[in-house]
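The values are calculated or read from the model by the stated rules, or taken from the named source; none is laboratory data. The structure displayed is predicted, hence computed values, not measured ones. So basically every Cβ, Gly included, is an ideal-geometry build from the backbone, and we count neighbours across all protein chains shown.
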Amino acid sequence: MKKIYEVTCAGITFIVYDECVAFTQKGPLGFVAKGMSGERQIFYRDISSVQFKKSTPLLSGFIELFVIGYNTQKQGGGLFKGTDNPNRFTFWNRYLPECEKMYNYIQQKIIDNKKESIILNQQISSNVDEIIKYKNLLDSGIITQEEFEKKKKELLGL
């Protein structure tokens, strides 16, 4: 995996890779904030959306990931409700420019993954339609069982 961005704030390191994001804790602040959880990786295909709150000189900002299948009671709800969410990275104002880049990168990766899923689903659907057409040709006696099996394997990528 290729590292794209990395920011450490209050003992928590948030790393953006080309295939996933990772949370890890460093030092005593990280232990207090997240315990001994080690590095957690979340792949882009498992992220349904991302929320970004800009920091100000007086208030921290955050990047919060909404993960498919994760208990959403700890997610969202603004500045304080999601503070115990392990999928939230809170940052100080001095990290705002880098965190905005991280947010934009993550958001684009989510969009790209959704597009890939749609294209893959369309290809699968198209291949299934083709197999049905060839099955109808087989049932009509226009092609042989061998020709049908050969085409089916080709369409299924076997």
Hey, among the residues in segment 94-118 that are among the acidic types (Asp, Glu) and more than 15 Å from Gln51 (Cβ to Cβ), which one's surrounded by the most Cβ atoms within 10 Å (Cβ to Cβ)? Glu98
Qualifying residues in segment 130-158 (those that are within 30 Å of Asp46 (Cβ to Cβ) and surrounded by 11 or more Cβ atoms within 10 Å (Cβ to Cβ)) - the one modelled with the highest pLDDT: Leu155
Criterion: in contact (Cβ under 8 Å) with a residue 12 or more places away in the chain and over 21 Å from Gly61 (Cα atoms) - qualifying residue of Lys114, Lys133, Lys101, Lys152: Lys152
Within segment 136-157, take every residue that is outside any helix (DSSP H, G or I) and not β-branched (Val, Ile, Thr) and give me the one that is nearest to Ser125 (Cα to Cα). Gly157
